[in-house]
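> Submitted below is the structure of interest, expressed as structure tokens.
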Amino acid sequence: MTSTGPTPPSDSSEPTVYADRVFRTGANVVWGCLMLAVCAWLGIDAALKSEAMTVWKVLAGLLFAVPLVVAFMLRPAVYAGQERLRIRNPFRTIVLPWASVDAIRTGYSSEVLADGAKYQMWAVPVSLRQRKKALRNQSRAAAADDPKASRAAFGRSSGERPQVAASDQIVRDLQDLAESSATRPGTAGKPSVRWAFEIIAPCVVGLVALIVLLAI
């Protein structure tokens, strides 16, 4: 997960404006880039070595597959700004003013409750393995009553936070940010949802073209 730093204000009399904190899964970005490279290699190889009908089938398949790779591997991200939370999922972008956020929680998935609706955060996947590992470390430290074990489970010093899964910590940070920003000016408003037609349209066109070409 990555986050951006503050943006200096243009006028010293104005309040400091901070850039959005960005959360995304780095492994997905790496795998997505590798998959796009493979798709490009397949397209070039087909164009150079295959007959016309095969080339059209490959291109239709790529038109269907590439948007899906972008949607699920590269697109998911969460942007936490001063006035709103923006969730970019594979096929939708949800903008939630902080005042509209009721709760941010994590169970088997990371979710935001806002204005009576529930929205998942694809960019913050839940790792049950990390969660169980953190709970085991905390349980061992509590059972052993060992200062060294306690430091290993709960942090190197008393000022550090307890060890938790990365997704759980992100959700906690976002919940704290939502609570502290809910009363800030400019955070009022209703949630808005926009479908990613730039992803959906080429995917549908590619699928239809592929079905037609395979049926010929």
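> I need the calculated FRET efficiency for the pair GLU83 and GLN120, taking r as the beta carbon distance and R₀ as 22 Å, to the nearest 0.05.
The pair GLU83/GLN120 has a calculated efficiency of 0.50.
> Could you state how much accessible area THR25 has, in square angstrom rounded to the nearest 10, with a 1.4 Å probe and all protein chains kept in place?
Surface open to solvent at THR25 totals about 30 Å².
> Near ASP102, within a Cβ-to-Cβ distance under 15 Å, what is the net charge of the other residues, with Lys and Arg +1 and Asp and Glu -1?
Once positives and negatives cancel, what remains is 0.
> Also: What ranking of ARG75, ARG194, ARG24 comes out by heavy-atom accessible area, probe 1.4 Å, highest first?
ARG194, ARG24, ARG75
> Considering only C-alpha atoms, what is the centroid distance from region 171-201 to region 47-107, in Å?
For region 171-201 versus region 47-107, the Cα centre distance is 17 Å.
> If you don't mind, another one. Compute the length gained on full extension between PHE91 and ALA52: take 0.36 nm times their separation in residues and subtract their Cα-Cα distance, giving the result in nm to one decimal.
Separation in residues times 0.36 nm, less the Cα-Cα distance, equals 10.8 nm.
> List the lysines whose alpha-carbon lies under 20 Å from that of LYS190, not counting same-chain residues fewer than 8 positions away?
Candidates past the 8-residue exclusion: LYS118.
> What FRET efficiency do you get for ILE200 and ALA103 if R0 is 22 Å and r is their Cβ-Cβ distance, rounded to the nearest 0.05?
Efficiency at R0 = 22 Å is approximately 0.15.
> Also, quick follow-up: What length, rounded to one decimal in nm, is gained on full extension from ARG136 through to ALA40, with 0.36 nm per residue of separation minus their alpha-carbon distance?
So the extension gain works out to 30.1 nm.
> Cut-off under 18 Å on the C-alpha distance; same-chain residues fewer than 8 positions from LYS49 excluded. Which lysines are left, in chain and number order?
LYS57
The values are calculated or read from the model by the stated rules, or taken from the named source; none is laboratory data. The shown structure was predicted, so the numbers you read here are calculated from the model rather than taken from an experiment. Cβ atoms come from the backbone with ideal geometry, glycine included; neighbour counts cover every protein chain shown. Just so you know, the surface numbers come from the protein's heavy atoms only, side chains and all, with ligands and any DNA or RNA stripped out. Shrake-Rupley method; radii C 1.70, N 1.55, O 1.52, S 1.80 Å.
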